[in-house]
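Read the figures in this text as sums done on the coordinates, not as results from a lab. The model shown is predicted, which means the values in this text are computed figures rather than measured ones. FYI the Cβ positions are ideal-geometry reconstructions off the backbone, even for glycines, and counts take in every protein chain you see.
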Amino acid sequence: MSIHTVEQLNEVLSRELAWRKKELTALHKLATRATPYTSEQEVLVRSGITMLYAHWEGFVKQAASTYLEFVAMRRLAYQNLTANFIALAMKKKLELAQVTDKVTVLNGVVEFFLTGLSERAQVPYKDVIKTQSNLSSEVMKEIISTLNLDYTPYSDKREILDEQLLRSRNHIAHGQWLLVDLNGYSELKNHIFLLMDTFKNQIENAACTEAYRR
């Protein structure tokens, strides 16, 4: 289903977030019900952190792609879009222009900015958002910039995203020993749930207020 309306966007984002939270909550409950300080609880906590990262990355990637699709389906002219979406649409041409000496390629780029801004925009949305399975705070900042959203809610979360979540997940996923207590896992889950809610709300607000328009 193509995302043509704000209502469709909200529905997709709500559904995408709900199933992820449900799964993460179920795993967290198993960890809290396990006998404290046993190997069973340690395994569940380690598994929980790995899944917490997976769903954080998965939600950010899916939600961002959904918003790009929504903007693409607005079928606006380039001149009516904010600079980030024009840059995204022109990315391949700009990259080619950067590595070539062909005047014809360079002329094409210049010609677009002189006469092509009134054309209907072709905003890409499939396989655009890249996390490299390494959604650090810096990668998140790039994704936020791609969508022209506000990075402020994440600016003081570097330690949570890079150290508590990403670094812990990498240690566990690579088979290294890492002990995280239940309280630390619970607090991390709450932080990530809040950040997922924040990202969802930012996208919904941007769509509702037409923040993609220039």
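Amide H contacts for residue 81 (H built 1.01 Å from N in the peptide plane; partners 5 or more residues away or on another chain; cut-off under 5 Å): 214. Provide 150, 127 in ascending order of the number of other Cβ atoms located within 10 Å of each residue's Cβ, fewest first. In increasing order of surrounding Cβ atoms, one gets 127, 150. Once the chain from residue 194 to residue 83 is taken as fully extended at 0.36 nm per residue, the excess over their C-alpha distance is 37.1 nm.
Cβ-to-Cβ counts within 10 Å put 133, 2 in ascending order as 2, 133, the fewest first. For region 153-214, chymotrypsin sites (Phe, Trp or Tyr not before Pro) meeting the loop criterion (DSSP other than H, G, I, E, B) and having at most 13 other Cβ atoms within 10 Å: 177.
Which residues does a label at residue 109 reach in region 116-141, if reach means a backbone N under 18 Å from a point 7 Å past the Cα toward the Cβ? From region 116-141, the list is 116-117. By the beta-carbon count within 10 Å of each Cβ, the least crowded to most crowded order of 53, 78, 67, fewest first, is 78, 53, 67. Subtracting the Cα-Cα distance of residue 92 and residue 150 from 0.36 nm times their residue separation leaves 18.4 nm of extension gain.
Applying the Karplus relation 6.51 cos²θ - 1.76 cosθ + 1.60 with θ = phi - 60° to region 102-109 yields 3J(HN,Hα) values of 6, 5, 4, 5, 5, 4, x, 5 Hz, where x marks Gly and Pro. Go through 22/200; 61/200; 22/126; 141/189 and tell me which ones have a Cα-Cα distance over 19 Å in this structure. 22/126; 141/189, as the Cα separations exceed 19 Å there. How high is the FRET efficiency from residue 26 to residue 127, r the C-beta distance, R0 41 Å, rounded to 0.05? My answer for the efficiency is 0.85. Between the labelled values (1) 16.4, 54; (2) 20.5, 70; (3) 23.9, 102, the entry that holds Rg and Dmax of the Cα atoms in Å as derived from this structure is (2). Overall, region 101-174 carries a charge dipole of about 220 debye about its Cα centre when +1 sits on the Cβ of Lys and Arg and -1 on the Cβ of Asp and Glu, all other atoms neutral.
Using the Cβ-Cβ distance between residue 118 and residue 15 with R0 = 35 Å, the FRET efficiency computed as 1/(1 + (r/R0)^6) comes to roughly 0.45. For a label point 7 angstrom out from the Cα of residue 170 toward its Cβ, which stretches of region 128-163 have the backbone nitrogen within less than 16 Å? Zone members listed by number: 131-141, 158-163. Label sites at residue 208 and residue 2, each approximated as a point 7 angstrom past Cα along Cα to Cβ, lie 2.6 nm apart.
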